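S.K.: Sharing a structure here in structure tokens format.
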Amino acid sequence: MRKRNNSVVVAALGLAMMFGASSCSIFRPSSNPEGSGKGLQGWFESGKEDAKVIKDNTVKQEKKIEKKTEKAMAKVDEKLQQIADMPEKGILSGDWAIESVLGKKAVGETAPFIKFVPGENRIYGNNGCNVINGTYQSSYVDRTISFGQLATTMMLCGESNITDAEIGEALGMTVRYTRENGKDSESILKFYDAGGREVMQLMHRDFHFLDGTWAVVSIDGEKVDIKDMKIALDVDEKKLHGNTGCNIINGELETDMDAANSISFSKIGMTRMACPDSGWETRMTMALEEAVTAQKLGDDEIEFIGSNGRQVMLLKRTSPIED
């Protein structure tokens, strides 16, 4: 009997020492002097203070995200204006599907393409198997062009007889280009080597009509009357920034060279400010996730189309931050 009592005493002492020595106790003393000595009421008041601190910190973080997103939206429009001021705008810009290379039909596991980034003299794309990127120098006057610092990823290709190696070779040989109109209003870009031989032919897939800041006019055909609901799209950076009318929204966009005007949005996230429950915020994010194609309706309007062929969002060009 004594042994059992001793065991109980030892266990109790052990628990007391553990709670006394631990730096991570169940309760934390109140930082409020008025809360000390008041038992559970004191702990309760301290908890309310801690919750307020957490809330204040959350608001600060959301304000930082809001300012960062506004700057990103303004940068999209600034870059768009810089591109518009360049004489080569519309000649060497946007996405170009590689149709043929060194006299062969361009073949890849994925659709080979090149994207020109005016203002940065940079290209990137895919050779049908690996990602390619590099720089270029060109002259609008005599249509000369050269590519440099070309690099690719080193993934193994599952298919044989693709033209990935030929694409790199052709870019290295290119010294001149021409552009002409193809059928159905398509644009054809051709690269030539020093001997005048055509080494590559590309077809224009230009998604840059999406670039800029857009006010949301309607969702699923229903007019949206929310002044601050807008998105900014940057095709080259594959980014989406915006405002739901209450919360800041950011995400990624993808275009598909295999299908004209194909678009998709992913990794959409937003801040969690308390907002009036109008339902528009949810409908906005759902419409973005449902979009599969984008159409240009005019210089200042675009629409997103869902997989059912119906318009899910209508947008009008605007400024990133209202005056």
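The values are calculated or read from the model by the stated rules, or taken from the named source; none is laboratory data. Every value quoted in this text rests on a predicted model; they were computed, and no experiment measured them. FYI the Cβ positions are ideal-geometry reconstructions off the backbone, even for glycines, and counts take in every protein chain you see. Accessible surface is based on the protein model in full, side chains and every heavy atom, while ligands, DNA and RNA are left aside. Shrake-Rupley method; radii C 1.70, N 1.55, O 1.52, S 1.80 Å.
S.K.: Please list, in chain and number order, the residues 5+ apart from V224 or on another chain whose amide H is under 5 Å from its amide H, with Hs placed from the backbone.
M.R.: Amide H neighbours of V224: S218, I219.
S.K.: Rg to Rh ratio, region 209-305, alpha-carbon atoms and Kirkwood radius?
M.R.: So for region 209-305, dividing Rg by the Kirkwood Rh gives 0.94.
S.K.: Whole percent per 10 Å bin, from 0 to the bin with the longest distance: what is P(r) over all C-alpha pairs of region 173-222?
M.R.: 21, 30, 22, 15, 9, 3
S.K.: Rounded to the nearest 0.05, what FRET efficiency is calculated for E254 and K104 with R0 set to 30 Å and r the Cβ-Cβ distance? Display every interim value, and only then the final one.
M.R.: Details: r = 28 Å, r/R0 = 0.93.
Calculated value: 0.60.
S.K.: By per-residue mean of other Cβ atoms within 10 Å, what is the highest-first order of 218-224, 283-289?
M.R.: Numbers: 218-224: 14.3, 283-289: 19.1.
Listed from highest to lowest mean packing, they are 283-289, 218-224.
S.K.: What is the Rg over Rh value, at two decimals, for region 110-155, using alpha-carbon atoms and the Kirkwood definition of Rh?
M.R.: Taking Rg over the Kirkwood Rh, I get 1.03.
S.K.: Give me, ordered by chain and number, the residues 5 or more places off I249 or on other chains with an amide H under 5 Å from its own placed amide H.
M.R.: Here the answer is G242, N243, T244, since their amide H atoms fall under 5 Å of that of I249.
S.K.: Still on this structure, I have one more. Within region 86-152, what whole-number % of the accessible surface is contributed by carbon and sulfur, with the 1.4 Å probe and all protein chains included in the calculation?
M.R.: Details: 1510 of 2820 Å².
Carbon and sulfur together cover 53 percent of it.
S.K.: What's the long-distance tail for region 112-196, i.e. % of Cα pairs beyond 23 Å? Please list the in-between numbers first.
M.R.: Working: 941 of 3570 pairs.
Looking at region 112-196, the distances longer than 23 Å represent 26 percent of pairs.
S.K.: Still on this structure, please answer the following. Quick one: which of 161-172, 269-280, 291-302, 206-217 comes out on top by average Cβ neighbours within 10 Å, and what's the full order, highest first?
M.R.: 206-217, 161-172, 291-302, 269-280
S.K.: Give the accessible surface of region 164-317 per residue, rounded to a whole number of Å², with probe radius 1.4 Å and ligands, DNA and RNA excluded.
M.R.: Working: 7310 Å² over 154 residues.
For region 164-317, the per-residue accessible area is 47 Å².
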